[in-house]
Structures are given as structure tokens and as C-alpha cells.
Amino acid sequence: MRSLSRPATLLIVGALALTGAGLSPMPSVASASASASPVLDWSRIATQTIVAGRPPASSEVLLGIVHIAIADTVAGLGQGQPFRFAVRPDRKASAAAAVATATYDVLRARVPASGLDGTYADYLAGVPDGGAKTRGITLGRTVAAAVLAWRAGDGLDNTVPYKQPPLGPGVWEPTAPTPPVDIVLTQVRPLALRYRAQFRPGGPDPLTGKRYARDVAEVASLGRKDSTTRTAKQSESAMFWSEQTAQQWSRALLQLATDRHLSLGAAAQMLALVHVSAGDSVIACWDAKFHYLSWRPVHAIQRADTDGNPRTQADPTWQSLLNVNHPEYPSGHACFTAGAAGALRAFFHTSNLRVVMSSVVTNTTRVYPDLSAVRSDVREARIVSGLHFRHSMNDGDILGTQVARWIAARH
């Protein structure tokens with residue numbers, strides 16, 4: 001894999017005589033600066049296309065691929081630095097046509113979806129015909145072809161069967177009658193990391209330890225479905241963060257780009273850095289999950305009489321407030337959030353960044369004064385959801401932070 005600090009160079013040769021067809025361009029993100037509109041429009045379209053029926057982690061990997069194409073296309077317009085593939089700058093190309101084409105070509109190849117062809121045709125019809133449009137289409141297709149060739153055979157389309165190891169204390173087993181969620185990520189080539197286990201954490205706590213017993217007691221009390229100790233505010237927080245994570249974060253990033261009045265180049269670079277960092281964070285996270293295969297609180301608490309720890313108490317009737325079907329350690333949500341937050345910190349050179357998050361589950365909006373507040377809220381929310389032990393949240397946060405820091409250092 002090429003170093004991300006030295007992008008591959010592509011040359012655009014000739015021009016394709018292509019024209020668009022359709023009715024009208026897609027509406028821009030509200031209040032977006034006109035210059036950044038193509039990036040924000042197609043980031044939103046990509047999210048809508050990708051997350052439909054897909055789990056959050058694999059959705060984020062696909063969003064990382066798409067946003068590399070967007071960033072490198074914008075760099076090809078002479079705005080910003082390329083993420084992976086450098087092309088000879090064409091400042092006369094239409095930004096709208098270029099970004100739309102690059103995104104469309106990648107989505108069409110990796111995420112076939114009904115309606116995408118019409119969306120692209122309608123958007124392109126809103127771009128004035130002429131040389132700039134043709135050059136933009138050529139630029140977008142050149143970058144998309146390079147990105148697709150690079151990601152060919154990346155493992156994301158593999159079918160990965162799950163073989164249950166012998167059951168016993170601490171061993172995860174599915175918590176739903178469906179295949180483990182996103183197990184395919186255990187075979188996916190990272191977007192930027194050298195290898196999936198590059199930042200593999202040290203593992204769950206020993207079942208016989210004091211910290212493990214403390215974590216079990218905390219989740220047993222707060223995360224129980226019918227808990228009497230979990231407050232209404234904590235329950236609302238659990239539900240707030242239960243939305244499809246890639247969708248929820250994508251919406252917040254577009255809002256952030258709008259609020260900060262980012263230019264076309266800055267918006268493309270920020271979105272690529274965040275989505276790639278979060279994407280590799282979940283790839284690294286799923287590598288660790290299926291390496292350690294650590295049981296969820298629901299089984300840890302129900303079968304606490306088998307863990308060899310005299311400090312834990314079994315409760316065969318215990319059920320968690322929420323449920324997900326993949327191993328407990330480390331927390332996927334913590335990995336994702338820390339990866340995104342770390343990338344934002346690197347891009348804006350500060351953690352004191354106001355972040356607006358909303359949830360379609362609770363139909364509420366939260367305004368965070370800084371990135372650490374977002375990470376803290378997620379950490380507590382997943383514990384009171386009954387999904388994770390505190391140690392898993394902390395190690396997931398560290399993993400995502402390490403991934404983001406490593407990627408940002410190479411840009």
C-alpha cells in the first residue's frame with residue numbers, strides 16, 4: 001500500500017464527450033456556502049445510498065472510500081491536497097460535474113441502488129452544458145476509476161461464515177438468531193492503516209479481577225432493561241445514541257461544515273479525514289472483537305456464577321435495555337466516535353470544537369461544547385444501554401484515538 005503522504009499520480013488524457021440528462025439539480029445542504037455545495041450534496045447522497053439496510057461499521061468503511069474519491073477529485077480541481085491519488089489539476093473543470101461523477105461512479109460500482117441513476121442525471125442536468133461540464137465529468141471518472149481499482153478485492157463483499165468456538169465463561173455467543181453483524185470487516189483491507197491489527201488493544205479484563213467485577217455490577221444496575229437506578233435522562237441518552245452511527249455522524253459532519261463555512265477544498269478534506277479515520281477505526285475494532293470474542297453483559301450477568309469471581313452475582317433473568325449482535329470488546333461505538341473526534345481535532349487543530357448532534361430515534365438535538373464531551377456522552381450511553389463494560393468503552397476510545405492520530409500524521 002502506498003504511503004498516504006505521497007499520493008499516486010494520475011494524468012487526465014483527452015476529454016469525453018458526455019452530456020447529462022434529467023430535470024433539475026439536487027438541493028444543496030441548507031445554508032451551505034455555494035462553493036462547498038457539490039461536496040456536501042454528494043456526501044449526503046452517498047450516506048443515504050450506503051446506510052439503507054447496512055450496519056454502521058461497514059457503512060462507514062464505504063463512506064471512507066467515497067470520500068477519498070471526493071477529496072481527490074476536488075484536489076484535481078486545484079483545491080486542497082489529494083488524499084491518495086493526485087491528478088494533473090484542471091481548474092477549468094466544473095466542480096459540480098466532477099464531484100457528482102466521482103461519487104456516482106464509486107457508488108454505482110460498490111453500492112448498487114435503485115434511484116441513483118436518476119439522482120445523478122437530475123443533478124448533472126442542472127450543470128450548464130459546455131467544456132467545463134465535460135472536463136468535470138472526465139476528471140470525476142478518472143479519479144473514481146483509480147479509487148475503484150485500488151479497492152478491488154478489498155474483502156468488503158466477502159461472505160464470511162461464523163464458527164462458534166466452544167462455549168464457556170467469557171466466550172461470546174450470538175445474541176440474535178442472525179449472522180454476527182459486520183463480521184466481514186475481519187477480512188477487509190484497511191483504508192489507510194498498514195494492517196487491521198496495527199492498534200489491537202490488550203483485551204478484556206480477567207474475569208476474576210476486581211475491575212471486571214466492578215464493571216459487571218455497574219452494567220447490571222444501570223443497563224438492565226427494567227432498571228430502577230437508571231434515570232430518565234440516562235435512558236434518553238441510550239436511545240439518542242442508538243441511531244445508525246454512520247448516518248448520525250454524517251449528518252453532524254455536514255452541519256459542522258456548514259456552520260464553519262468551509263470551502264469546497266476544506267469540506268472535502270475534512271470529510272475524507274473523518275470518514276477514513278472512523279472507517280479504519282471500526283475495521284481495527286472488529287479485528288479485535290473477533291480476536292477476543294468476549295461475551296456481552298447479558299451473558300456475563302446471567303452466568304456470573306460460572307466466571308470464578310466471588311464478587312459477581314448471577315441473575316438469570318437479566319436483560320439489557322438494548323441489544324446488538326457482535327462481540328463486546330472493544331466497543332464499536334467508542335472506536336467510531338474516537339476515530340471521528342480524533343480526526344476533527346487534527347483537522348481543526350483543537351478539541352474545543354462545538355458539535356451539534358441529532359438523533360432520528362429521539363427526535364432531539366444535543367449541542368456539545370467540545371469533542372471530549374461527545375466521547376464522554378457516548379461512553380456513558382452505551383454502559384446504561386446494557387451493551388458494554390466501562391473497560392471496553394475506554395479501550396475502544398483509545399483505539400479510535402490512536403487510529404485517527406496515525407492517519408492525521410500522514411497528511
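Rule-based calculations on the coordinates, nothing more; no lab input. All of these numbers come straight from a predicted model, not from anything done at the bench. For neighbour counting, all protein chains shown are included, and Cβ atoms are generated from backbone atoms with ideal geometry for every residue, glycine included.
Helix 390-409 and the longest principal axis of the Cα set of the chain meet at an angle near 20°. Relative contact order for the stretch 183-409: 33 percent, from Cα pairs under 8 Å spaced at least 6 residues apart, divided by residue count. Averaging the Cα positions of each part gives two centres, and for the stretch 204-256 and the stretch 315-335 these lie 9 Å apart. Sequence-distant contacts, meaning Cα pairs under 8 Å at least 6 residues apart, place the relative contact order of the stretch 333-411 at 47 percent.
Listed from fewest to most Cβ neighbours within 10 Å, the set 236, 60, 328 follows the order 236, 328, 60.
For the stretch 232-297, just say rounded, prolate or oblate: build the C-alpha gyration tensor, square-root its eigenvalues into a ≥ b ≥ c, call rounded for a/c under 1.5, and beyond that prolate if a/b exceeds b/c, oblate if not. Since a/c reaches 1.5 but b/c is at least a/b, the shape of the stretch 232-297 is classed as oblate.
Computed over the chain, the range of Cα coordinates on each principal axis works out to 75, 39, 39 Å, biggest value leading. A Cα-only calculation for the stretch 64-165 places Rg and Dmax at 15.5, 61 Å. For a straight C-alpha distance cut-off of 19 angstrom, the lysines reachable from residue 225 (same-chain residues fewer than eight places away being disregarded) are 233.
Quote the FRET efficiency, to the nearest 0.05, computed for residue 350 versus residue 314 with a Förster distance R0 of 41 Å and r equal to the Cβ-Cβ distance. E between residue 350 and residue 314, to the nearest 0.05, is 0.30. Nearest 5 is fine: what % of DSSP beta bridges in the chain come out antiparallel, could you say? Counting DSSP beta bridges with both partners in the chain, the antiparallel share is about 70 percent. Here's the list of lysines a cross-link from residue 133 could span, going by alpha-carbon distance under 16 Å and ignoring same-chain residues fewer than 8 apart: 92. Where does helix 332-348 land angle-wise versus the long Cα axis of the chain, in degrees 0 to 90, nearest 10? Once rounded, one gets 40 degrees.
Model label sites at residue 229 and residue 370, defined 7 Å from Cα along the beta-carbon direction, differ in position by 3.0 nm. In loop segments of the stretch 102-181 as defined by DSSP, the chymotrypsin sites (Phe, Trp or Tyr not before Pro) with at most 14 further C-beta atoms inside 10 Å of their C-beta are 162. Axis of helix 371-384 versus longest Cα principal axis of the chain: the two differ by about 40°, to the nearest ten degrees.
Take every Cα pair under 8 Å whose residues are at least 6 apart in sequence, average their separation, divide by the length of the chain, and the relative contact order is 21 percent. From least to most packed, judged by other beta carbons within 10 angstrom and beginning with the fewest, 43, 114, 351, 358 follow the order 114, 351, 358, 43.
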